[in-house]
Amino acid sequence: MTPLHPIEIQSYRILRDRVPLEHLPPVERAVVERIIHASADIEYARTVVIQDGAAEAAVVALRRGGAVIADVEMVRVGITGVSARCYLADAHADEALTRSATAMRLAAERHPDGAVVVVGCAPTALVQAVELAQIGTFRPAAIIGLPVGFVGASESKELARSGPIPSITNVGEKGGSSVAAAAVNALVRFLQLSKGGDDHG
């Protein structure tokens, strides 16, 4: 496990001075802190919604080697410490689905059980993941839904929170690839630390 750079350690110390998160369970605290660290936006301290068991389910899936599915390449390349997949290059839009939604459908066909779904850009990909889960053809372990945008982003996250799969989302239009990747990276590091290691910051 790569040790944290001194600047990153200092950043976490500043973050904790400004935004006390000791009330959160350790794994949830790790996720929220990493999101704030990646965005320098302390508003996430009150807008991130981690449903009961969502972070734990994602960690278990990662421990078991479950697929990590990203909606776009920017999310995929931002994820470190674990291999992630993105099927956008294999997908084509049609009259019914955007390219991102089609890519999520491909991902569901190839990894129907136990994946960690990570959406940071495309609300339609998040909607597709939830809808496939609702009909039972896609059974991911957890959904990390943090897309950004004025069109559909907030609504897609509301849908995820009402869906059958435990989710990590935020309320509102903010989000993005770096934020979504940060959430995964927090979970990966938490898993690494649980196996023995230094403090995450």
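Would you point out the residue of the stretch 83-130, among those that are among the polar types (S, T, N, Q) and in a loop (DSSP other than H, G, I, E, B), that is surrounded by the fewest Cβ atoms within 10 Å (Cβ to Cβ)?
Checking each candidate, the answer is S83.
Going by what's in this entry, would Q10 be described as among the polar types (S, T, N, Q) and surrounded by fewer than 15 Cβ atoms within 10 Å (Cβ to Cβ)?
Against the criterion (among the polar types (S, T, N, Q) and surrounded by fewer than 15 Cβ atoms within 10 Å (Cβ to Cβ)), Q10 qualifies.
Report the residue count in the stretch 72-82 for those that are surrounded by fewer than 20 Cβ atoms within 10 Å (Cβ to Cβ) and outside any helix (DSSP H, G or I).
Going through the stretch 72-82 one residue at a time, the tally reaches 3.
Here are some conditions: (1) surrounded by fewer than 22 Cβ atoms within 10 Å (Cβ to Cβ); (2) touching a helix residue (DSSP H, G or I) at 6+ places or on another chain (Cβ under 8 Å); (3) at pLDDT 95 or above; (4) not charged (D, E, K, R). G53 meets all but one. Which one does it not meet?
Going through (1) surrounded by fewer than 22 Cβ atoms within 10 Å (Cβ to Cβ); (2) touching a helix residue (DSSP H, G or I) at 6+ places or on another chain (Cβ under 8 Å); (3) at pLDDT 95 or above; (4) not charged (D, E, K, R) one by one, G53 breaks only (2).
Could you please let me know if R139 is charged (D, E, K, R), touching a residue at least 24 places away in the same chain (Cβ under 8 Å) and under 24 Å from R34 (Cβ atoms)?
No: the conditions fail for R139.
For the stretch 152-192, give me each residue that is closer than 13 Å to R34 by Cα and among the basic types (K, R).
Listed by number, the list holds a single entry, R189.
Picking from V82, V72, V59, which residue would you name as being closer than 14 Å to I144 by Cβ, touching a Cys at 6+ places or on another chain (Cβ under 6 Å), at pLDDT 95 or above and not small (G, A, S)?
V72
How many of the residues in the stretch 152-173 are farther than 20 Å from F138 by Cα, in contact with a helix residue (DSSP H, G or I) (Cβ under 7 Å, 6 or more places away or on another chain) and buried (at least 18 other Cβ atoms within 10 Å of the Cβ)?
Residues that pass the stated criteria total 2.
Considering only residues that are surrounded by 17 or more Cβ atoms within 10 Å (Cβ to Cβ) and in a helix (DSSP H, G or I), which ones fall in the stretch 20-36?
Listed by number, the residues that qualify are V27, E28, R29, A30, V31, V32, E33, R34, I35, I36.
Name the residue that is farthest from D41 (Cα to Cα), counting only residues in the stretch 131-175 that are assigned to a loop (DSSP other than H, G, I, E, B) and among the charged types (D, E, K, R).
E173
The values are calculated or read from the model by the stated rules, or taken from the named source; none is laboratory data. Remember, it's a predicted structure, so these values are computed and weren't measured experimentally. Counting neighbours? That spans all protein chains shown, and the Cβs are built from the backbone with ideal geometry, glycine included.
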